[in-house]
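See structure below.
Quick note: the coordinates plus some simple rules give every number you see, no bench work behind them. What you are looking at is a predicted structure, and each value in this text was computed from that prediction instead of being measured. Note: ideal-geometry Cβ built from the backbone for every residue, glycine included; neighbour counts use all protein chains shown.
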Amino acid sequence: MYTLEVKVKLVKGECAAGYKVGDTFTVTDPVVVPRENCPLCIYALGALFPYLTAAYRKTDTGDWINRVTEIQCPDSKNTVVFELKRR
């Protein structure tokens, strides 16, 4: 299993949860750990979870999840784009 670093790359508009560029949290099975002053938005997490649970597992090199480096929250007007990095 990987530790997955999730970092806010871009905020389009004004995020209701207060995400700011650079906010970071990590996923280490089975825990989501926010960094200092990083909010955890239930709507963003709900959209991210299917990808996060696939991304922190070791997969075959050709698996589609290996190509996913960004995910966005479901708010179409005030979108937050998250960058994923395996550690």
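Structure notes:
- Based on Cα contacts under 8 Å between residues 6+ apart, the chain shows a relative contact order of 42 percent.
- Only helical runs count toward this figure. For the chain, summing -39,500 (n - 2.57) over DSSP H runs of n ≥ 4 and dividing by all residues gives -5000 deg cm²/dmol at 222 nm.
- Taking Leu45, Leu10 and counting other C-beta atoms within 10 Å, the order from fewest to most: Leu10, Leu45
- Largest mean-square fluctuation among Ala16, Ala47, Ala55, in a Gaussian network model of the chain whose springs join Cα atoms under 10 Å apart, belongs to Ala16.
- Selection of GluC sites (Glu not before Pro), region 3-79, meeting DSSP coil and at most 12 other Cβ within 10 Å: Glu14, Glu36
- In degrees, nearest ten, helix 42-55 long axis to first principal axis of the chain (Cα): 20
- Shape of region 4-86, Cα gyration tensor, a/c cut at 1.5: prolate
- Selected from Tyr43, Tyr51, Tyr19 as most flexible by GNM, with the chain as the system and alpha-carbon contacts under 10 Å: Tyr43
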